[in-house]
Amino acid sequence: MVETDWTQVSYDEGRQTLKKWRECGVRRSEEVVEIWEHVISRSPSSLGDEEWAVVEQVCIASLDSARVDLAQECIDLLHNQFPHSNRVLKLKAMQLEATEHYQKALEIYERLVEEDPNNNSYRKRKVAVLLAQGKRLDAIRAINDYLKIFLNDPEAWLQLSELFLLENDVPKAVHCLEECVLIQPLNSMYFRRLADLRYTQGGADNVELARAYYERALKINPTDLRSQYGILLSNNQIAASTKNATEKKRAGLAAVDAIDNLVNRYQKISPKSNPESDGILNCLEAMKVTIGSK
């Protein structure tokens, strides 16, 4: 596939490309900067009503690409056109983030939140600054404040879960993932992560919950290998720890069935695409023998 040389496209093609990426939420930052510098910047006024949307797009792309100089040019243009815009002020704060002036950026975000408490983007940027400063506890408090207003934001609950894990607070991390599951019950990743934490907590009840969550994740996404491994490990753990003969046999058979499913998947993989597949198959076969002999 031939890559496009974005420095050589026509003005109209560059304009249409930027519009398409903007509307689709595509963040191809280096290409955006190239199109701007080599094509669009020759005559930005020809963009008409799109001019300021494009300048904003280029500003964000410049920050992504560590082009602080170009970002400053865009901010200056936007500030001259919209001197009292909070949207432009947010871009200034993002530039301060990029240059590691975190305290100044935080002051701007706190001001923006105070002026418009229902704008979630200001609060998210504030959390990003706190995390960049390594202030995890402050970030946790900021996300908790955010969730008091935007309760149904699964990304925020997931972020909070990860922060609680870094603080070794597994029960609170589990609670956050349970909220994710309630908000998006068809997202297999949330079930799998919740299962991982339940399995990590250990104990008969948690391992059984982990098995149920892994099974649910696999039902939603039948190609999820990690959930298949989770079913294998949780059933193996249950078979090894339970005193109920019926449950031991059922869990053992389920573990063997999970191995067979994994073997079937790996046998379809070419050794060229995954040189480790033969070794994995040998390990799975050995595990099957071990489980079958219990």
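Every condition in (1) outside any helix (DSSP H, G or I); (2) under 30 Å from L209 (Cα atoms) is met by C180 except one, and the failing one is (1).
Would the stretch 253-261 turn up any residue that is surrounded by fewer than 15 Cβ atoms within 10 Å (Cβ to Cβ) and farther than 30 Å from E178 by Cα? The answer is yes, given that some residue of the stretch 253-261 is surrounded by fewer than 15 Cβ atoms within 10 Å (Cβ to Cβ) and farther than 30 Å from E178 by Cα.
Open to solvent by less than 80 Å² (accessible area, probe 1.4 Å), within 27 Å of A239 (Cα to Cα) and among the β-branched types (V, I, T): is that true of V174 in this structure? For V174, the condition - open to solvent by less than 80 Å² (accessible area, probe 1.4 Å), within 27 Å of A239 (Cα to Cα) and among the β-branched types (V, I, T) - is met. If you go through the stretch 154-179 and keep only what is farther than 21 Å from N206 by Cβ and in contact with a helix residue (DSSP H, G or I) (Cβ under 7 Å, 6 or more places away or on another chain), you end up with P154, A156, Q159, L163.
Quick one: how many residues across the stretch 241-287 are outside any loop (DSSP other than H, G, I, E, B) and under 20 Å from V207 (Cα atoms)? Give the steps one after another, and end with the answer.
First, pick out the residues of the stretch 241-287 that are outside any loop (DSSP other than H, G, I, E, B): 241, 245-267, 277-287.
Filter again for under 20 Å from V207 (Cα atoms), leaving 241, 245-259, 287.
Selection size over the stretch 241-287: 17.
With respect to (1) open to solvent by less than 50 Å² (accessible area, probe 1.4 Å); (2) within 22 Å of the chain's Cα centre (by Cα), the lone exception for L232 is condition (2). If you go through the stretch 147-154 one residue at a time, do you hit one that is of a type in the set (D, E, K, R), assigned to a helix (DSSP H, G or I) and modelled with pLDDT of 95 or more? No.
Scanning the stretch 87-114 for residues that are in contact (Cβ under 8 Å) with a residue 24 or more places away in the chain and within 16 Å of A53 (Cβ to Cβ) gives R87, K90, L91. Pairing each residue of the stretch 158-187 that is over 14 Å from A139 (Cβ atoms) with any residue that is open to solvent by 60 Å² or more (accessible area, probe 1.4 Å), provided the two are 6+ apart or on different chains, yields C-beta distances under 7 Å for V170/T200; V170/Q201; A173/L165; L177/R193; I183/N152.
Does the stretch 124-143 include one or more residues that are closer than 23 Å to L89 by Cβ, over 16 Å from the mean Cα position of the chain (by Cα) and basic (K, R)? Within the stretch 124-143 (the criterion being closer than 23 Å to L89 by Cβ, over 16 Å from the mean Cα position of the chain (by Cα) and basic (K, R)), the answer is yes, since at least one residue qualifies. Which members of the stretch 37-75 meet the condition of being of a type outside the set (A, V, I, L, M) and under 22 Å from E110 (Cα atoms)? Selection gives E56, C59, Q72. I'm checking my understanding of the structure. Among residues of the stretch 22-76 that are out of contact with any Gly (no Cβ under 9 Å at 6 or more places or on another chain) and part of a loop (DSSP other than H, G, I, E, B), which one is surrounded by the most Cβ atoms within 10 Å (Cβ to Cβ)? Among residues in the stretch 22-76 that are out of contact with any Gly (no Cβ under 9 Å at 6 or more places or on another chain) and part of a loop (DSSP other than H, G, I, E, B), the one surrounded by the most Cβ atoms within 10 Å (Cβ to Cβ) is R67.
The values are calculated or read from the model by the stated rules, or taken from the named source; none is laboratory data. If you're wondering where the values come from, they're calculated on a predicted model, not measured in any experiment. Heads up, the Cβs are rebuilt from the backbone with ideal geometry, glycines too, and the neighbour counts pull from every protein chain shown. Just the protein is used for accessible areas: all its heavy atoms, side chains included, with ligands, DNA and RNA removed. Shrake-Rupley method; radii C 1.70, N 1.55, O 1.52, S 1.80 Å.
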